[in-house]
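Participant: Please read through the structure below; I'll follow up with questions.
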Amino acid sequence: MIHSLRFFGSEALIADKETSMKKQTLRDVDVAHKRVLVREDLNVPLDAEGAITDDRRIEAAVPTLRYLVDHGAKVIVVAHLGRPKGQLNPKYSLKPVATRLSEALGVPVTLAPDSVGPEVTNLAESLKDGEVLLLENIRFQPGEEKNDPELSKQLASLAELYVNDAFGAAHRAHSSTEGVARLLPAVAGFLMEKEIDYLSGALEAPKRPFVAILGGAKVGDKIGVVQNLLDKVDTLLIGGGMAYTFLKAQGYEIGKSLLDADNLATARETLELAKSKGVSLELPSDIMAASGFSNDAERKVVPATAIPAEWQGLDIGPETIRRFRDIILGAKTVVWNGPMGVFEMPNFATGTEAVAQALADSEALSIVGGGDSAAAIEQLGFADKVTHISTGGGASLEFLEGKTLPGVAALLDK
């Protein structure tokens, strides 16, 4: 039988108290007439012509920036776009972001020619109350990702107060997320507050049953999350590529399915850990297998315990979809991070879409991590039917793993 255990344990609180929202926010400080440096996550996707294809992150930044404008702050926004690797690259200029942000805010947004330097300092010092200056891509600076103290000092010199609203970058100890927060009074923006409140609420005091759904490729990438959640959830649903390593760890044939061979022992230990904690760890019972890694490959439903030798699993099967759906519909709290199959191939997106549909149909408090899970929810038109969609895939994963997020830890305590 596939590993399936039931939960009879008690609630457990998150061990890392630094990541829960015990930090000061914009509401705790006076911003009027002050120069305020705001770290936002404006890393939006662009098409080949440089046009923004998804402005959700810009819209998510508006409440904090609108509050600052309305309360008479002199607003200086710092953000990144893409991976220019510390070099000036016009392809990654924030010019299209400045245009769209101006439209979203309803006020002019001036784009600085750089993120630090004499010209930027002059622009910052000449700001009037309610005006907005967007610094050019902070990752053009080679010191940003190294958390260079000199760059942090230059950024801090521009303002009197620092606001971190970039949850999607909060797991990075960079100059604009952690370094500058050590040099100025530092508080959380409204998006940061919302993200932390939802995630910490789910982990610290969830309504039960509490179900977590994890997908994605390798066990090694999410084993910390899995093991941390075993102290908190009633049921853990595992799909995607990582499921095959758990199946293989129990001695089942997985054919040419993705295998994280370095973590077979870890998978076995995790199954035993779930058993010892009384947690129901649910794996697929059937698989949509393919004759090759292609959307057009021959495909068929097979038992998860007996995938043909020359075939590979690329999605969960219909029986698993029904079982996962029933579990989700019976939950009071659900956290989802990671697809159930090769979501970018339409023929193997069924499982991921079914989980998204189940969350939309559920009455549970539902939190969706970034990446493919958020994309599925958005593409299917379910964004308004889940409680919260995180703007930070990597940050939400590290939070679920129980790690301290540097960009949060550096903020002032309440």
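Participant: Roll a 1.4 angstrom probe over the protein heavy atoms and tell me the percent of accessible area of the chain that is carbon or sulfur.
Facilitator: 49
Participant: What ratio of Cα Rg to 2.2 N^0.38 Å holds for the chain?
Facilitator: Normalised Cα radius of gyration, the chain: 1.05.
Participant: Treating cross-link reach as a plain straight distance, find the aspartates and glutamates whose alpha-carbon is under 19 Å from the alpha-carbon of LYS300, omitting any fewer than eight places away in the same chain.
Facilitator: GLU253, ASP286, GLU310, ASP315, GLU319, GLU344, GLU353
Participant: Under a 1.4 angstrom probe, counting protein chains only, how are HIS80, HIS33 ranked by accessible area, largest first?
Facilitator: HIS33, HIS80
Participant: What angle, in degrees between 0 and 90 and rounded to the nearest 10, separates the Cα long axis of helix 264-277 from the longest principal axis of the Cα atoms of the chain?
Facilitator: 90
Participant: Now for a separate question. Compare the Cα positions of ALA156, LEU134, LEU105 along the charge dipole of region 103-189 (+1 at Cβ of Lys, Arg; -1 at Cβ of Asp, Glu; about the Cα centre) and return the one farthest towards the positive end.
Facilitator: Of ALA156, LEU134, LEU105, it is ALA156.
Participant: What is the helix-to-structure angle for 56-70, meaning the angle in degrees between its Cα long axis and the longest Cα principal axis of the chain, kept from 0 to 90 and rounded to the nearest 10?
Facilitator: For helix 56-70, the angle is close to 30 degrees.
Participant: In debye, nearest 20, what is the charge dipole magnitude of the chain about its Cα centre with +1 on Lys and Arg Cβ and -1 on Asp and Glu Cβ, if you could check?
Facilitator: 620
Participant: Can you return the lysines within cross-link range of LYS153? Criterion is Cα-Cα under 22 Å, with same-chain partners fewer than 8 residues away left out.
Facilitator: LYS34, LYS74, LYS85
Participant: Still on this model: So what J values fall out for region 296-310 if you push phi through Karplus, 6.51 cos²θ - 1.76 cosθ + 1.60 with θ = phi - 60°, rounded to Hz, Gly and Pro as x?
Facilitator: 8, 5, 4, 9, 7, 7, 9, x, 5, 8, 8, 6, x, 4, 9
Participant: Grab the alpha carbons of region 325-403, take their convex hull, and tell me the volume per residue in Å³.
Facilitator: So the per-residue hull volume is 86 Å³.
Participant: Also: Would you tell me the accessible area of ILE254, worked out with a 1.4 angstrom probe on the heavy atoms of the protein chains, in Å² to the nearest 10?
Facilitator: Rounded to the nearest 10, the figure is 0 Å².
Participant: What accessible area per residue, rounded to a whole number of Å², is obtained for the chain using a probe radius of 1.4 Å? Provide the component values of the computation, followed by the final result.
Facilitator: On the way: 16630 Å² over 414 residues.
Using a 1.4 Å probe on heavy atoms only, each residue of the chain averages 40 Å².
Participant: Given a cut-off of 26 Å, name the pairs among LYS194/LYS414; LYS256/LYS332; LYS22/LYS207; LYS22/LYS403; LYS218/LYS275 whose C-alpha atoms lie farther apart than that in the structure shown.
Facilitator: With Cα atoms farther than 26 Å apart: LYS256/LYS332.
Participant: Can you work out ³J(HN,Hα) from phi for every residue in region 392-406, in order, using Karplus 6.51 cos²θ - 1.76 cosθ + 1.60 and θ = phi - 60°, giving whole Hz and x for Gly and Pro?
Facilitator: Result, ordered by residue: x, x, x, 5, 5, 4, 5, 5, 5, 7, x, 7, 6, 8, x Hz.
Participant: Another question, then. Once amide H atoms are placed 1.01 Å from N in the peptide plane, what residues at a sequence separation of 5 or more from LYS74, or on another chain, have their amide H within under 5 Å of its amide H?
Facilitator: HIS33, LYS34, ARG35, VAL36, GLY130
Participant: Return the ratio Rg/(2.2 N^0.38 Å) for region 189-289, where Rg is computed over Cα atoms only. Write down the numbers at each step before the final one.
Facilitator: On the way: Rg = 14.9 Å, N = 101, 2.2 N^0.38 = 12.7 Å.
In units of the globular-protein estimate, region 189-289 measures up at 1.17.
Participant: What are the residues whose amide H is under 5 Å from the amide H of GLY392, where those residues sit 5 or more places off or on another chain and H is modelled from the backbone?
Facilitator: Those qualifying (amide H under 5 Å, at least 5 residues apart or on another chain) are GLY370.
Participant: For region 117-184 and region 292-341, compute the distance between their C-alpha centroids and round to whole Å.
Facilitator: Rounded to whole Å, the Cα centres lie 44 Å apart.
Participant: Considering amide H positions built from the backbone, and no H for Pro or chain starts, which residues 5 or more places from LEU81, or on another chain, come under 5 Å of its amide H?
Facilitator: Long-range HN contacts for LEU81: ILE138, ARG139.
Participant: While we're here: Calculate for the chain the 222 nm mean residue ellipticity that helices alone would give, adding -39,500 (n - 2.57) per DSSP H run of length 4 or more and normalising by residue count, nearest 500 deg cm²/dmol. Before the final figure, lay out the partial values.
Facilitator: Details: 13 runs with 134 residues, N = 414.
Mean residue ellipticity, 222 nm, calculated: -9500 deg cm²/dmol.
Participant: Could you tell me which GluC sites (Glu not before Pro) in region 348-414 are loop residues by DSSP with no more than 14 other beta carbons within 10 angstrom of their beta carbon? Provide the component values of the computation, followed by the final result.
Facilitator: Working: sites: GLU353, GLU363, GLU378, GLU398, GLU401; in loops: GLU363, GLU401.
Listed in order of number, the matching sites are GLU363.
Participant: For the chain, give the share of DSSP beta bridges that are antiparallel, in percent and rounded to the nearest 5; count only bridges with both residues there.
Facilitator: Numbers: 11 of 49 bridges.
So the antiparallel bridges in the chain amount to around 20 percent.
Participant: Same structure again: By how many nm would the segment from ARG322 to LEU412 grow when fully extended, if each residue of separation counts as 0.36 nm and the alpha-carbon distance is taken off?
Facilitator: Once the chain is fully extended between ARG322 and LEU412, it gains 27.8 nm.
Participant: With the Cα gyration tensor of region 66-191 giving a ≥ b ≥ c as the square roots of its eigenvalues, does the rule (a/c under 1.5 for rounded; else a/b larger than b/c for prolate; else oblate) give rounded, prolate or oblate?
Facilitator: rounded
The values are calculated or read from the model by the stated rules, or taken from the named source; none is laboratory data. The shown structure was predicted, so the numbers you read here are calculated from the model rather than taken from an experiment. Positions of Cβ are generated from backbone atoms using ideal geometry, with glycine treated the same way; all protein chains shown enter the neighbour counts. Surface accessibility is based on the protein's heavy atoms, side chains included, excluding ligands, DNA and RNA. Shrake-Rupley method; radii C 1.70, N 1.55, O 1.52, S 1.80 Å.
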